[in-house]
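The values are calculated or read from the model by the stated rules, or taken from the named source; none is laboratory data. Not measured: the values here are computed from a predicted model. For neighbour counting, all protein chains shown are included, and Cβ atoms are generated from backbone atoms with ideal geometry for every residue, glycine included. In case anyone asks, the SASA skips ligands and DNA or RNA and just uses the protein heavy atoms, side chains included. Shrake-Rupley method; radii C 1.70, N 1.55, O 1.52, S 1.80 Å.
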Amino acid sequence: MPSIKPKNIKHVYLSEMNKRPFRNDEFVANVTTTTPATHQESNTFSRILRGIPMQKPSELLVRFAELGLAKPTLEMTPDESIAIESGMSKVLAYAAHAAKLSSSSHKVAIMQRMQTKIAQIRTFREWEALSKVSKGELIDSLQLLNPDKTRSAITKDWERRMERYERVYDVCFAFGPIVMFDPGWDAEGKFGSSTKPQRAKHRERMVAAELLKGKTRIDHVLTPRQPGIVNAILCILQLVGGAPAIHHFITFLVETEPLFAMKVPIPGSKN
């Protein structure tokens with residue numbers, strides 16, 4: 001999808017939404033592939049806008065299992081299990097957790113991608129909540145851990161990292177939880193580049209998000225897509241991670257659901 005003028009964005013994306021939803025095999029391929037094509041602009045937005053039909057979980061589990069989804073050897077390492085008191089320590093702990101996950105050889109795993117993005121989003125949220133003084137103290141702590149680097153270099157590296165995490169935060173809450181499972185939105189991949197062209201693309205995506213909004217979260221054009229998407233995500237997580245993976249996902253939805261531009265169903269609740 002080439003660069004689109006803001007006045008044409010809504011027409012282009014709404015026309016994409018008029019295409020048929022993805023079949024089960026296509027949806028699974030979308031969240032498991034790591035081929036270069038997955039990062040193309042047209043593909044990343046198509047996966048967000050088209051969704052997947054609502055289906056009975058029992059039937060969907062069978063379909064997904066037939067498509068080869070299985071539990072990876074890597075066990076869950078949920079970041080909410082980290083025992084932390086102060087805000088600054090929480091930022092550092094979440095950041096370390098996100099870095100460990102994103103550098104793992106299991107990064108291609110669906111469960112791993114979800115954990116990585118949740119940790120990145122939590123890192124950015126906690127960082128933004130810190131006061132200016134606390135942010136300075138956090139940089140001081142990082143310098144103590146990296147005595148060979150100047151404070152200026154550490155600050156620059158950290159700011160670039162938070163910029164990448166902020167983009168994940170932005171697109172996740174603008175386009176829905178499917179972003180956490182889509183390799184086209186990885187912070188360390190092409191999407192996360194700190195080059196000016198990529199920042200321009202990010203602004204374009206945010207313009208698109210704004211134009212697709214409704215007057216309320218309920219009438220957002222992506223709200224009707226969310227039940228089928230969340231249902232499919234739960235079935236995938238059941239197969240690749242079991243109850244701990246599902247708990248991790250639902251816990252994240254509970255703490256962040258009001259931040260989504262559209263209404264996202266929380267399994268087990270009446271929202």
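Of the numbered criteria (1) in contact with a Leu (Cβ under 9 Å, 6 or more places away or on another chain); (2) over 18 Å from Leu222 (Cα atoms); (3) basic (Lys, Arg); (4) modelled with pLDDT of 75 or more, the one Arg63 fails is (1). When segment 139-161 is filtered for residues that are small (Gly, Ala, Ser) and touching a residue at least 40 places away in the same chain (Cβ under 8 Å), only Ser141 remains. Evaluation of Ala187 against the conditions (1) at pLDDT below 85; (2) surrounded by fewer than 18 Cβ atoms within 10 Å (Cβ to Cβ); (3) outside any helix (DSSP H, G or I) shows that the sole unmet condition is (2).
Could you list, in sequence order, all residues of segment 210-255 that are of a type in the set (S, T, N, Q), under 29 Å from Asn18 (Cβ atoms) and part of a helix (DSSP H, G or I)?
Scanning segment 210-255 gives Thr223, Gln226, Asn231.
Arg164 meets all of the listed conditions (1) open to solvent by less than 50 Å² (accessible area, probe 1.4 Å); (2) more than 15 Å from Leu92 (Cα to Cα); (3) touching a Phe, Trp or Tyr at 6+ places or on another chain (Cβ under 9 Å) but one, namely (1).
Within segment 15-39, which residues are assigned to a helix (DSSP H, G or I) and modelled with pLDDT of 70 or more? Within segment 15-39, Ser15, Glu16, Met17, Asn24, Asp25, Glu26, Phe27, Val28, Ala29, Asn30, Val31, Thr32 qualify. Taken over segment 235-271, residues that are more than 29 Å from Gly68 (Cβ to Cβ) and touching a residue at least 40 places away in the same chain (Cβ under 8 Å) amount to 6. Contact map, segment 123-135: residues that are within 20 Å of Ser152 (Cα to Cα) and free of Cβ contacts under 8 Å to residues at least 40 places away in the same chain paired with residues that are assigned to a helix (DSSP H, G or I) and not charged (D, E, K, R), Cβ distance under 6 Å, separation 6+ or inter-chain. Pairs shown: Trp127/Val91; Trp127/Met162.
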